[in-house]
Amino acid sequence: MSIIVDAKGLSCPQPVLMTLNKIKEIKKGEIIVKVDTDTSKENVSRAAQSQGWEVADIQENKEGYQLTIRK
């Protein structure tokens with residue numbers, strides 16, 4: 001089961017901090033991160049990769065982006 005981090009409507013660094021907190025909490029698995037700006041998408045992707053997580057998928061939708069990260 002995936003864990004969802006809904007950071008839509010929040011500006012950086014809040015989406016990154018929420019994602020990093022969840023990464024530290026679960027250690028490995030799958031996290032779906034929802035953001036609504038290009039900047040947040042890029043920053044969350046970089047932060048996840050810096051922690052050894054893979055950005056498995058990025059989907060764009062009318063509300064922004066959904067990133068799937070895995071470890």
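FYI, it's all coordinate maths here, none of it is from the lab. Predicted, not measured: the structure shown is a model, and the values here were computed from it. A quick note on method: Cβ atoms are made from the backbone with ideal geometry, for glycine too, and the neighbour counts reach across all protein chains shown.
Taking a quarter of the surface of the Cα convex hull of the chain gives a mean projected area of 4.0 nm². Here's the list of lysines a cross-link from residue 62 could span, going by alpha-carbon distance under 30 Å and ignoring same-chain residues fewer than 8 apart: 8, 22, 24, 28, 34, 41, 71.
Any chance you could give the angle, 0 to 90 degrees and rounded to 10, that helix 38-50 forms with the longest Cα principal axis of the chain? Its long axis makes an angle of about 10 degrees. The residues neighbouring residue 64, those whose beta-carbon lies less than 11 Å from its own, together hold a net charge of -1 under the Lys/Arg +1, Asp/Glu -1 convention. Between the Cα long axis of helix 14-26 and the first principal axis of the chain there is an angle of about 20°, rounded to the nearest 10.
Label-to-label distance, residue 58 versus residue 21, with points set 7 angstrom from Cα along the beta-carbon direction: 2.4 nm.
Only DSSP H runs of four or more residues enter the estimate; each adds -39500 (n - 2.57), and after division by the residues of the chain the mean residue ellipticity at 222 nm equals -11500 deg cm²/dmol. For segment 58-66, the Karplus equation 6.51 cos²θ - 1.76 cosθ + 1.60, evaluated at θ = phi - 60°, returns couplings of 10, 10, 9, 9, 5, 9, x, 9, 10 Hz by residue, with Gly and Pro reported as x.
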